[in-house]
Structures are given as C-alpha cells and as structure tokens.
Amino acid sequence: MPDFAALFEQLGISPENIKDFKNLGFLSDIHSSSQEFTFPINLTRDIAKKFVSSQSLLPIGKNDFASMNEAMEIADLWLNEATVFPANSSEKHVFTRNDWVDATMAGWQLAVEPLAAGLAQALSSVIQTQEIPESPIPLEAVAGLLRGFIGTLIATQLGQCVGGLATSVTGAHDVGLPLLNPSRPALLPQNIQDWSVDIGVAESEVRIFHALREGAVARLFDSNPWLVDYMRMAIADYGKGIRIDIAQMQQQAQEAMESGAIDPNNPESFSVALNEGLFTPEESPEQSAALAKLETALALIDGWADDVTTLAAGDRLPSLNSLRETLRRRRATSSPAQQLFSSLFGLEVSPRMAREASAFWLSVRQLRDLPARDQIWSGILPTHEELGDAAAYLSSVEIPDDLSGL
C-alpha cells in the first residue's frame with residue numbers, strides 16, 4: 001500500500017484531491033454495477049501502425065487496384081456456383097497494411113474487449129477480497145488504476161499482434177474472425193505479392209486463389225450473423241471465467257524459489273518462469289469448453305472456405321493443388337489464427353483440425369449436395385469428435401419423417 005500511495009503521488013493524486021480525479025472519471029469505482037470497461041483501442045491502433053512502419057509499407061498503385069478488383073470480380077462469379085450464400089453487395093476493398101489495421105480495429109475491439117474486461121474484473125475481485133491495512137488511498141481507486149493498467153497491457157499486446165498480422169494476412173478474413181461490419185471481401189496486394197514469391201505459380205492465379213477464399217468467408221459471415229455472435233460469445237465466456245488465486249500464486253512462488261527456478265537476485269529468472277507458465281491461472285471447465293468451441297468454429301470456417309474454393313476453382317486454376325498445399329504448409333508453422341490466439345489465450349489452433357474440417361465438408365457435399373452442406377451453418381455445428389464421421393453427424397441431426405415415436 002505504501003508503494004501504491006507513492007505511485008499515486010507521482011501521478012499527482014493525493015488523499016486531498018482524489019475525489020476530483022474520481023469526478024473526472026480518471027478512476028473507476030468497482031462498486032458501480034453500471035460501469036463498463038473501456039478498452040484503449042487507439043493505443044492498439046498506434047502500436048500496430050508503428051510495427052507496420054518499422055517493417056515495410058508500400059502504397060497501392062493503379063495496377064494493384066485493377067488486378068485485385070479483377071481477381072475479386074472473377075472470384076464472385078465462380079463462387080456463385082460453389083455456395084448458396086450470395087454476395088450481398090458489389091463493395092470490395094483493396095487495402096494497404098495500414099488500411100487493414102484501420103478497417104479491422106473496431107472488430108478487434110469487439111473481439112478482445114471481453115478478455116480484457118474479464119481479467120480486469122478478476123483483479124478487482126482480488127483487491128476487494130484481500131485483507132489490506134488502512135491506507136489513505138481508497139481500494140476502489142487502486143482497483144481503478146489496475147483496471148486501466150490491464151486495459152493498457154492487453155491493448156499493447158494486441159497492437160503488437162495486429163501489427164505482425166498486418167504484414168502477413170492476404171485479406172480481411174484471413175484470421176477467421178468477423179473483423180468488418182458488414183463483412184465484405186478485401187485483399188492486401190503487398191502481402192499477396194510477398195506470398196507468391198518463389199512458389200513457381202503465376203501471380204494472377206495466386207490473386208484469384210486468395211480472392212476466392214476471402215470472398216467465401218465474407219459471404220459466410222454476411223449470411224450468418226449468428227456465427228459472428230457465436231464466436232464473440234466464446235471469447236466472452238473465456239474472459240468471464242478468469243480467476244486469480246493469490247494463495248496458489250504464493251505457493252507457486254515459494255516452490256519455485258526453493259527449487260531454484262526463481263532467483264530473487266536474478267530478475268531474468270522471473271521472466272523465464274513467467275514465459276514457461278508459472279502463475280498462469282488454471283482454466284476452469286467453462287473456459288476449456290469456450291476455447292474448444294472457438295477452436296472448432298475456426299477450423300470449420302477454414303475447412304469450409306477450402307472446400308468452397310476448391311469447388312469454385314475446379315480445373316480453372318491449373319496450380320490449385322499447389323496453392324492449397326502451400327497454404328497448408330505455411331499455416332502448419334504459423335497461421336494468422338495461431339499467432340493471434342496463442343498470444344492472447346495460449347490456444348494452439350490445430351492445423352490438423354482444419355484439414356479434418358475440410359474433409360468433413362467435402363464428405364457432406366458428396367453424401368448429400370451443396371445446399372445441404374451450407375445448410376449446416378443454420379443448424380447445430382458439429383463438434384471436434386464429429387468431424388471424422390460426416391455420415392454419423394448427418395444422421396444425428398436428421399428429423400425423421402415419422403415423429404410419432406418422439
């Protein structure tokens with residue numbers, strides 16, 4: 001508490017003027033049930049753009065606009081034959097890396113804010129329940145400062161992650177999350193050019209391949225708004241389940257010091273221990289279920305996009321199999337979804353599950369037809385366990401003609 005008091009003094013806050021800061025909204029009152037957590041999204045944007053600027057940022061020329069729009073128009077025509085979901089608008093986007101950061105920022109805020117709010121609430125709960133000696137600084141002020149700190153911490157981490165993604169994603173939906181509202185296809189010419197280097201495939205084929213995948217996922221989200229809420233709810237459920245066990249952390253610290261894993265005289269040993277998972281809260285069953293739901297949904301989206309792209313391209317793209325294999329190989333090592341969710345949740349999105357999902361959608365289409373495949377998105381989604389047996393899944397969700405036995 002003396003350390004906190006000193007920190008507040010450095011910020012110009014004292015017991016005499018703290019009410020003024022609270023009245024200005026500088027500090028949060030954890031006892032107010034109506035208060036909403038505020039995520040500093042402008043900080044995330046600034047950090048992401050600084051990262052992009054430190055790498056490479058090329059402008060979009062007339063040829064880039066023309067070639068990308070042509071690829072998306074071709075993709076639209078081919079996709080009409082490969083999915084029942086329509087293109088609800090002719091609107092399409094061609095983004096620089098910074099454009100992509102700006103356009104997707106509101107989507108990032110909606111996706112990640114529940115995580116930051118859950119962690120902030122968990123810290124506030126710790127402050128409320130701990131027995132702390134009398135202090136001139138009210139507990140709600142301490143909690144408010146911590147909430148602001150957590151928001152800044154996650155905004156910084158997200159900004160670095162988004163900046164990294166901006167240098168590699170090929171479209172607005174490459175991560176598999178609904179980041180644009182409304183969902184519309186978008187391509188990043190600089191990243192597509194980088195993607196096509198040294199793979200021995202004509203760049204025109206590469207553009208159409210990515211335009212097909214991008215257009216497919218944009219149609220999926222646009223035609224199934226419930227899926228957007230479904231994925232965001234999974235992240236919110238994970239955030240709500242965050243709990244901080246001070247007693248457990250103290251025990252872990254004691255054991256780590258006794259074993260030599262942490263040396264109080266060596267600050268770097270703390271960083272090593274944290275990176276190896278020390279003090280990481282155990283996931284509750286509810287959190288594990290939320291992550292499983294999110295991972296399966298991401299795999300289903302990726303696998304569906306692969307099946308739709310393969311069907312739409314047919315024999316029109318001579319290098320289709322090579323392009324699919326290149327994408328799989330790169331995603332097996334570092335896909336956009338892996339980068340994001342590993343950083344924020346420690347969730348390793350399995351490339352194998354995406355392959356299983358792709359095979360699942362193909363099996364459904366072969367066992368039934370194309371409309372039956374897409375109809376699944378308006379019903380009960382398969383679980384991870386059901387991906388390996390499409391016939392059994394279809395049987396489980398079938399409504400019998402004779403309902404008298406129910």
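Filtered by the rule that a residue be of a type outside the set (Asp, Glu), assigned to a helix (DSSP H, G or I) and modelled with pLDDT of 75 or more, region 334-360 gives Pro351, Arg352, Met353, Ala354, Arg355, Ala357, Ser358, Ala359, Phe360. Among the listed residues Ile132, Ile137, identify the single one that is part of a loop (DSSP other than H, G, I, E, B) and either modelled with pLDDT of 85 or more or buried (at least 16 other Cβ atoms within 10 Å of the Cβ) (or both). Being part of a loop (DSSP other than H, G, I, E, B) and either modelled with pLDDT of 85 or more or buried (at least 16 other Cβ atoms within 10 Å of the Cβ) (or both) holds for just one of Ile132, Ile137, which is Ile137.
Number of residues in region 184-223 that are under 21 Å from the mean Cα position of the chain (by Cα), in a loop (DSSP other than H, G, I, E, B) and either modelled with pLDDT under 95 or of a type in the set (Lys, Arg) (or both): the value is 1. Checked against (1) within 23 Å of Leu119 (Cβ to Cβ); (2) in a helix (DSSP H, G or I); (3) touching a residue at least 40 places away in the same chain (Cβ under 8 Å), Arg243 meets all criteria but (2).
Has region 79-86 got at least one residue that is surrounded by fewer than 18 Cβ atoms within 10 Å (Cβ to Cβ), out of contact with any strand residue (DSSP E or B) (no Cβ under 7 Å at 6 or more places or on another chain) and over 30 Å from Arg365 (Cβ atoms)?
no
For the residues Glu36, Glu73, Glu81, the requirement of being among the acidic types (Asp, Glu), out of contact with any Phe, Trp or Tyr (no Cβ under 7 Å at 6 or more places or on another chain), modelled with pLDDT under 85 and under 26 Å from Pro178 (Cβ atoms) singles out Glu36. Checked against (1) buried (at least 19 other Cβ atoms within 10 Å of the Cβ); (2) at pLDDT below 85; (3) not in a helix (DSSP H, G or I), Val175 passes all but condition (2). Just so you know, in region 278-298 the residues that are touching a Gly at 6+ places or on another chain (Cβ under 9 Å) and within 13 Å of Tyr230 (Cβ to Cβ) include one that is modelled with the lowest pLDDT, and it is Ala290.
With respect to the stated conditions, Gly118 is over 24 Å from Asn224 (Cβ atoms) and either touching a helix residue (DSSP H, G or I) at 6+ places or on another chain (Cβ under 6 Å) or modelled with pLDDT of 65 or more (or both). Just one of the listed residues (Asp229, Asp198, Asp237, Asp194) is buried (at least 18 other Cβ atoms within 10 Å of the Cβ) and acidic (Asp, Glu), namely Asp237.
The values are calculated or read from the model by the stated rules, or taken from the named source; none is laboratory data. Because the structure is predicted, anything quoted here is derived from the model rather than measured. Positions of Cβ are generated from backbone atoms using ideal geometry, with glycine treated the same way; all protein chains shown enter the neighbour counts.
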